[in-house]
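Here the structure comes first, spelled out in structure tokens, and everything after it is commentary.
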Amino acid sequence: MFDNEEWIDFEAEEENENEDGEFITRNGQQSSQPPQVDLQFQNDLRKVILGIQNDTSIKPEEKAHIIQNLMTSKWRQFEKKPASNTNNNSEPTEEDLKPTYNESSQTLGCKHYRRGAKLQSNCCNRWFTCRFCHDDACDHQIDRHATKNMMCMYCQTIQPVNKSCNKCERELARYYCDECKFWDDQPNKQIYHCDSCKICRVGRGLGIDYFHCDVCDCCLQINLRDSHRCIEKNLERDCVICGEYLFTSISQAIFMPCGHSMHSNCYNEYVTTAYQCPTCWKSIGNMDPYFRRIDAIVAQQKMPPEYDNFFAHILCNDCEKRSTVKYHFLYHKCPYCQGYNTKVLETKEKLPSEEELSEEEISRSSSNNNNSAVGSSSSNTGAISNNNNSVGSSVVGIINTTINGGGASGAQVRQSRVMEVTAMMQGEEGPPDDGNATEHRTRNPLNSLSNHYIN
């Protein structure tokens, strides 16, 4: 079998362009020349991949694994190398010795925290004010628990991490956690450390205003202890609105009645345009007042008679039950929970029976026959008799054609009429009823409801 490691020797250096327009190789060397594509390496790689694909002795799963390793061999080799911005020298540079400031308070710190210390990352030995500053500037994430050294921004002394400086004896922050290597000098900010989460969180402490849920694997407000819906590792995901990782985010997260979570700021902006959870589509609050207003709208907005035989198979997002209801252009009410948070799965027309369709066509043909018979001569009995026989034959032909699906049936004519009415109503602005009929298109129902939905 082919050995993947043999391809490491074929790899050429891949170059990237930095902000100054210079090209930097994987080894960290600068070059003014643009990157060169190793065509020989690509051709050799292509031949080997084709050989693997044509080898019948290799299982399909093994083929996929081997080819994937070959295609990503450059990336894996780069990952084994130190980053180009790694500084093996632990001594800070002149830029590192300069203090940084929190813009909002004009105190020592950064845009994320207020503190009087810089930390030295254990991964690349560079100096940053906080872990977020490190992650923003580097292509990897810091292991803050492995941090060993700090630098006092008052006296620029490098020393082991601590709450106070060993030299000038100044307190670097009001709060310090030796487990997280975390400083925060924000006044009137209560912080506690959770051993289960292994991070520090905002609050007075466990058992006071927060508790740790072992199923959700996160800290929740204590008033949710017996009322929240548990979802395994609830916060170990990105916010569905902004995409930031919720578990370690410094922004406050809220939990909706369905159990899903998002940032509080994202939620306040989201509910101005929608009332459904973006993850499971359940209502994020008590929507009964809004649904009762829709009842009044539906009662006023009657459907055209062409839709009397149309039905919709729906799924209710709130109670998760399926049902069949009368078709409506906009609203379909769940018969179980009386809500309108539903999704149309299928729309069908209840076609008339064959007997009803046959009687309709016979009646229509007989009416046409009587009209033509009035203008004919009544004295020619044989002609009348022949005419009746021909009419009877045409009637039978119409019935058979309709039943067998050929020709323009009554259902097809009705469907054509339905399409015309639909197009006409979609172009209308709606009834002049203070705008309630079209309110769902332009306004969010949550704006008119006063109760708060998040515990």
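Within region 300-317, how many residues are closer than 22 Å to Y275 by Cβ and at pLDDT 90 or above?
Total meeting the criteria: 5.
So if I check each of F247, F255, which one is among the aromatic types (F, W, Y), free of Cβ contacts under 8 Å to residues at least 60 places away in the same chain and within 30 Å of H112 (Cβ to Cβ)?
Values: F255 fails: free of Cβ contacts under 8 Å to residues at least 60 places away in the same chain.
Only one candidate qualifies: F247.
Working only within region 159-189, note down all residues that are surrounded by fewer than 17 Cβ atoms within 10 Å (Cβ to Cβ), farther than 27 Å from S251 by Cβ and not acidic (D, E).
Across region 159-189, the qualifying residues are Q159, P160, N162, S164, N166, K167, C168, R170.
Within region 190-221, take every residue that is exposed (fewer than 15 other Cβ atoms within 10 Å of the Cβ) and within 20 Å of V161 (Cβ to Cβ) and give me the one that is modelled with the lowest pLDDT.
The extreme case among them is K198.
Identify all residues within region 244-274 that are crowded, with 19+ Cβ neighbours inside 10 Å and aromatic (F, W, Y); write none if there are none.
F255, Y267, Y270
What are the residues in region 49-66 that are surrounded by 12 or more Cβ atoms within 10 Å (Cβ to Cβ) and among the charged types (D, E, K, R), if any?
Once the filter is applied, which keeps residues that are surrounded by 12 or more Cβ atoms within 10 Å (Cβ to Cβ) and among the charged types (D, E, K, R), region 49-66 yields D55, E62, K63.
If a residue must be over 20 Å from L97 (Cβ atoms) and basic (K, R), how many such residues does region 132-157 contain?
The qualifying residues number 1.
Any idea how many residues of region 222-240 are within 26 Å of I142 (Cβ to Cβ) and either surrounded by fewer than 16 Cβ atoms within 10 Å (Cβ to Cβ) or of a type in the set (G, A, S) (or both)?
4
The values are calculated or read from the model by the stated rules, or taken from the named source; none is laboratory data. For clarity, every value in this text was computed on a predicted model and none was experimentally measured. Cβ: placed from backbone, ideal geometry, glycine included. Neighbour counts: every protein chain shown.
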